[in-house]
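The structure under discussion appears below in the form of C-alpha cells.
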Protein chains: 2
Amino acid sequence: MLTVKEALELVLKHAAPLPIVDCPLESALDRTLAEEIEADADQPPFDKALVDGYAVRLADMARLPRRLKVGETILAGQTPRRPLGEGEAAEITTGAPLPPGADVVIMHERTTGFGDEIEIEDQEVRPDMNRLQRGEVYKRGDRLLSAGPRLAPWRLGLLAAVGRASVRVVDRPKVAVVPTGDELVDFHQTPGPGQIRNSNATMLAGLAADHGAETWTSPILPDEPEALAQGLRAALEHDVALVIGGVSAGQKDLVPNMLRTLGAREVFHKIRIRPGKPLWFGLGPPREGRPPALIFGLPGNPLSGLVNFLVFVRPALDVLKGRPGETPGPIAARLGRRHHHRGFFRVHLPARILRDDPSSDGLPTIVPLDSRGSADLRAAALADGFLVLPEDEATLEAGAIVEFLPLS
Amino acid sequence: MLTVKEALELVLKHAAPLPIVDCPLESALDRTLAEEIEADADQPPFDKALVDGYAVRLADMARLPRRLKVGETILAGQTPRRPLGEGEAAEITTGAPLPPGADVVIMHERTTGFGDEIEIEDQEVRPDMNRLQRGEVYKRGDRLLSAGPRLAPWRLGLLAAVGRASVRVVDRPKVAVVPTGDELVDFHQTPGPGQIRNSNATMLAGLAADHGAETWTSPILPDEPEALAQGLRAALEHDVALVIGGVSAGQKDLVPNMLRTLGAREVFHKIRIRPGKPLWFGLGPPREGRPPALIFGLPGNPLSGLVNFLVFVRPALDVLKGRPGETPGPIAARLGRRHHHRGFFRVHLPARILRDDPSSDGLPTIVPLDSRGSADLRAAALADGFLVLPEDEATLEAGAIVEFLPLS
C-alpha cells in the first residue's frame with residue numbers, strides 16, 4: 001500500500017495547470033494572473049499635487065517674507081490654463097496637475113491669506129514637497145507584474161489603473177461532486193430504515209468552492225450500473241471528479257469498475273492514511289483542449305472525504321490553478337497530552353488548540369478531541385484541525401512537537 | 001488627532017452584529033451560524049458496518065475453527081430481513097445495518113469461503129470490531145454546534161447530516177463602494193489631460209467581497225452637489241459605505257459636508273496613520289430594522305484606501321458578521337535592515353518577506369520595498385504585507401523585532 005507521500009507525488013505528477021483564458025477584470029478576483037502586465041502610461045500621468053494647498057516655485061521660497069499673488073485655481077480633473085509666473089501661486093487640490101513652472105505644493109495649513117495674496121510660513125521647503133512627479137511611480141512600458149500571483153484585490157486595482165478591461169488568467173477548475181450509494185437520501189429528506197442523509201456532497205462542494213473551483217453537484221447516484229454510468233460520464237467532463245462512496249472492496253463497489261468501463265485509468269487504490277484508506281485515484285479519458293479529469297474516489301465516511309480532500313485534492317487544485325504549493329501543509333505544534341500511535345497508517349485525529357496555553361515558545365498546544373472515528377463529523381465541526389501522526393509507530397509524550405493540519 | 005488605537009476603538013464601538021436571517025443550506029457557506037444545532041436523530045441511526053465483510057456474533061468467535069453458515073446479504077441502503085442466528089454470518093457492505101444479534105463485523109480479507117460457509121481467521125476479535133453502534137457518534141437531542149462559528153464546509157456537512165434545509169445565520173454585510181472625484185474616469189477608458197483611472201473601486205469591492213460582503217459599486221460621482229447627494233443617499237442604505245475621495249481639507253472636499261446634509265454624523269476625521277491620514281468615519285441616519293451605515297470616507301490614494309480597509313474596515317466587517325476579532329492583526333517579524341522612523345504617525349510600509357532567510361528563530365525577516373508613497377499600488381502588488389511602525393519615534397536596527405501586517 002502506498003504511503004501518503006508516494007500517493008501525493010502520483011497525484012501531483014498527473015496534475016497540470018489548466019488552459020489560459022481571457023477574463024473580464026470584474027470577474028478576475030482571486031484568479032491566477034497568466035500574463036505580464038506593463039504600464040500603458042506614466043504613473044502619475046502628470047505632476048500631481050499630494051495635498052490641498054498652493055502650487056509654487058521653489059525658487060520663490062528663498063526670499064522672505066514669502067508673499068505670493070494667487071493666480072488660477074486648479075481642481076482635480078482640470079488642467080492648468082497657463083504656466084505659473086514668478087512670484088505667483090496657484091490654488092490646487094489633491095490629485096490636480098501642477099502648472100508648468102511649479103515644483104512644490106504648500107499645504108493650506110501652512111499659509112495665511114491676505115486678499116488675493118498669500119503668505120507662506122517660514123518652514124523648510126524641500127524640493128518636490130507634496131508633489132508626485134510624472135512617471136515617478138512607474139513609467140510607460142515598465143513591467144508591473146509577472147504571471148503567477150493570485151489576483152488579490154490590490155493587484156486588481158493595479159490592473160484597473162493600467163486600463164485592463166480584461167486579463168489573461170488560468171481557468172478555474174471545474175469540479176464535479178458525485179454522491180453514490182443506495183443508502184443515501186437528500187439532506188432535505190428524513191431517512192427511512194437503513195438510510196442516511198447525504199452530507200458529503202454539501203461538504204465537498206463547499207471545500208472545492210472555498211478553494212476557487214466552480215462546482216457542479218450530481219444527483220445521488222444509486223448502486224445501479226445504468227444510472228452510475230450516466231452520472232460518472234457527466235463527471236468526467238470536469239477537471240476534477242470527486243466521486244463519493246463505492247470504493248471499498250465489497251461486491252457492490254461498482255465505482256472503480258464503472259470508471260474503467262468509461263475509459264478511466266486507475267493510478268492507485270488504497271493508501272496508508274486514516275481516515276481515508278480506501279481512496280481511489282485515476283485519470284479520465286482524454287479530453288479536447290483540457291487535461292483528463294483527475295478522479296478521486298472518496299470513501300463515504302465524511303471525515304475520510306474531508307481528510308482526503310485536504311491532503312490530496314487541495315494540492316491538486318493548487319496545481320490546476322497555476323499556484324503549486326500555495327496551500328500550507330501541517331504546521332508544528334506541541335502535544336497537550338501523551339499519545340500512543342500504532343503506526344503503519346498516517347493518522348489524522350480531530351484536535352483542538354488549547355486557548356490558555358501554558359507554553360510560551362510560540363507553538364500552539366493541541367489535544368486530540370474525543371471522537372468516534374471517520375463518521376464523526378461533529379468532532380471535525382468542533383476541531384481546529386487535525387493532529388497528524390506519521391506512518392511510524394511512536395509513543396508521544398505530552399510536550400512533544402507534532403504536526404498539526406489547521407482547519408480554518 | 002486620534003491614534004490608530006483610539007480610532008479603531010471608536011469604529012468598533014459603533015459596529016454591531018447584523019440581523020439574523022434564514023438562509024438555505026446551499027447558500028450558507030462561510031456565513032456565521034446564529035443558532036444552536038441539535039441532532040434530529042441518533043447518529044448513526046442504526047448499528048452500522050464500517051467495512052465490507054461478514055456480520056457475526058462475538059459469542060460464536062470463541063469456538064475454533066470459526067466456521068459459519070452464510071445467511072442473507074445486507075447491502076447499504078437495505079434493512080436486514082431477520083435476526084442473525086447462532087453459528088450464522090450475514091454478508092454485509094460498508095454502511096449497511098447489522099442484523100439484530102450481530103455485534104461484530106469481520107473484514108472480507110480475514111475470511112475464506114467454502115461453498116455456503118465461511119471460515120474466519122484465527123485473529124483476536126474485539127467487541128464492536130468494525131461496527132459503529134446506533135447513537136455512538138451523537139444521540140437525538142444532543143447539541144452539536146453553538147451559535148458563532150463560520151459555516152465552514154465540514155460544519156455545513158454536519159448541518160446536512162441533521163437535515164437542516166435552512167439555517168439561521170447572521171446577515172451578510174452589504175457594502176457600497178462609492179468613487180468620487182472629477183478627475184476619475186472608468187478603468188475601461190483612456191484618461192484625458194488631468195484625469196486618472198478609477199482603480200480604487202475595483203480594489204475595495206474586491207477586499208469587501210474577500211471578507212464576506214455583498215458589494216455594490218456606484219458609478220463615479222462627480223464633485224457636484226446634486227449627483228453626490230444622490231449617490232451618497234443610495235450608499236447610506238447599505239451597512240457599510242466606502243466613499244472614496246473628497247475627504248481632505250480643500251475647497252472641493254464636499255463629501256463630509258454632503259454626508260452631514262444627508263443626516264450622517266461625524267465620529268472622527270483625520271488620524272495618526274500613514275498612508276490614510278485623512279480618513280473620515282461617521283454613522284448614517286437611522287434605518288428600519290438595521291443599524292445605521294458605517295461610513296468610511298477614504299482618501300483617494302490607493303494605498304491609503306488599502307491600509308484603512310485593513311486596519312479599520314476589516315475588523316468592523318468581522319463585528320457585523322458576528323465574528324469579532326476573527327481577522328488576525330499584525331504578526332511579529334524581524335527587520336532585515338536598519339530603519340529610522342520619525343514617529344507621530346503609525347506608518348505602514350509595503351514590505352517583502354525574505355525567502356532565503358538567514359535567521360532560524362521562526363520569525364519571518366522582512367524588508368521594506370522601495371516605494372513612492374500612497375499612490376504606489378505597484379509596491380503593494382509586489383509586497384507580502386506592511387511593516388507597521390507605531391507612533392513613537394525609533395531607530396530600528398537590522399534584526400529588531402517589528403510588527404508585520406500580512407497581505408494574503
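The values are calculated or read from the model by the stated rules, or taken from the named source; none is laboratory data. Here the structure is a predicted model, which means the values were calculated and not measured. A quick note on method: Cβ atoms are made from the backbone with ideal geometry, for glycine too, and the neighbour counts reach across all protein chains shown.
Values as computed for the structure displayed
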{"read-out": "Residue ranges of strands (runs of 3 or more DSSP E) in segment A:296-408 with at least 1 members of a type in the set (Val, Ile, Thr)", "value": "A:331-335, A:346-353, A:365-368, A:385-389, A:394-396, A:401-406"}
{"read-out": "Subset tally (residues that are farther than 20 Å from residue B:362 by Cβ and of a type in the set (Asp, Glu)) for segment A:362-390", "value": "2"}
{"read-out": "Candidates B:19, B:80, B:100 - the one that is surrounded by fewer than 16 Cβ atoms within 10 Å (Cβ to Cβ) and over 39 Å from the mean Cα position of the chain (by Cα)", "value": "B:100"}
{"read-out": "Residue selected from segment A:53-80 under the condition of a type in the set (D, E, K, R) and more than 13 Å from residue A:105 (Cα to Cα), by the criterion modelled with the lowest pLDDT", "value": "A:63"}
{"read-out": "Filter pass, residue A:162 being more than 9 Å from every other protein chain (Cβ to nearest Cβ) and more than 14 Å from the chain's Cα centre (by Cα)", "value": "no"}
{"read-out": "Near pairs, Cβ below 7 angstrom, 6+ apart or cross-chain, from segment A:339-353 (touching a residue at least 60 places away in the same chain (Cβ under 8 Å)) to any residue that is part of a strand (DSSP E or B) and aromatic (Phe, Trp, Tyr)", "value": "A:348/A:386"}
{"read-out": "Test: residue B:212 is facing chain A (nearest Cβ under 7 Å) and buried (at least 18 other Cβ atoms within 10 Å of the Cβ)", "value": "no"}
{"read-out": "Filter result (over 20 Å from residue A:198 (Cα atoms) and within 13 Å of another protein chain (Cβ to nearest Cβ)) within segment A:361-381", "value": "A:361, A:362, A:363, A:364, A:369, A:370, A:371"}
{"read-out": "Single condition residue A:55 does not satisfy, out of (1) outside any strand (DSSP E or B); (2) closer than 22 Å to residue B:191 by Cβ; (3) aliphatic (A, V, I, L, M)", "value": "(1)"}
{"read-out": "Top-ranked residue in segment A:103-127 [being in contact with a Gly (Cβ under 9 Å, 6 or more places away or on another chain), under 24 Å from residue B:375 (Cα atoms) and surrounded by 13 or more Cβ atoms within 10 Å (Cβ to Cβ); ranked as nearest to the other protein chains (Cβ to nearest Cβ)]", "value": "A:108"}
{"read-out": "Count of segment A:175-190 residues which are farther than 23 Å from residue A:280 by Cα and either within 29 Å of the chain's Cα centre (by Cα) or at the interface with chain B (Cβ under 7 Å from one of its Cβ atoms) (or both)", "value": "3"}
{"read-out": "Some residue of segment A:255-273 being within 13 Å of chain B (Cβ to nearest Cβ), at pLDDT 95 or above, touching a strand residue (DSSP E or B) at 6+ places or on another chain (Cβ under 6 Å) and crowded, with 20+ Cβ neighbours inside 10 Å", "value": "no"}
{"read-out": "Flag if residue B:206 is within 8 Å of chain A (Cβ to nearest Cβ), closer than 30 Å to residue A:156 by Cα, without any contact (Cβ under 8 Å) to a residue 12 or more places away in the chain and crowded, with 23+ Cβ neighbours inside 10 Å", "value": "yes"}
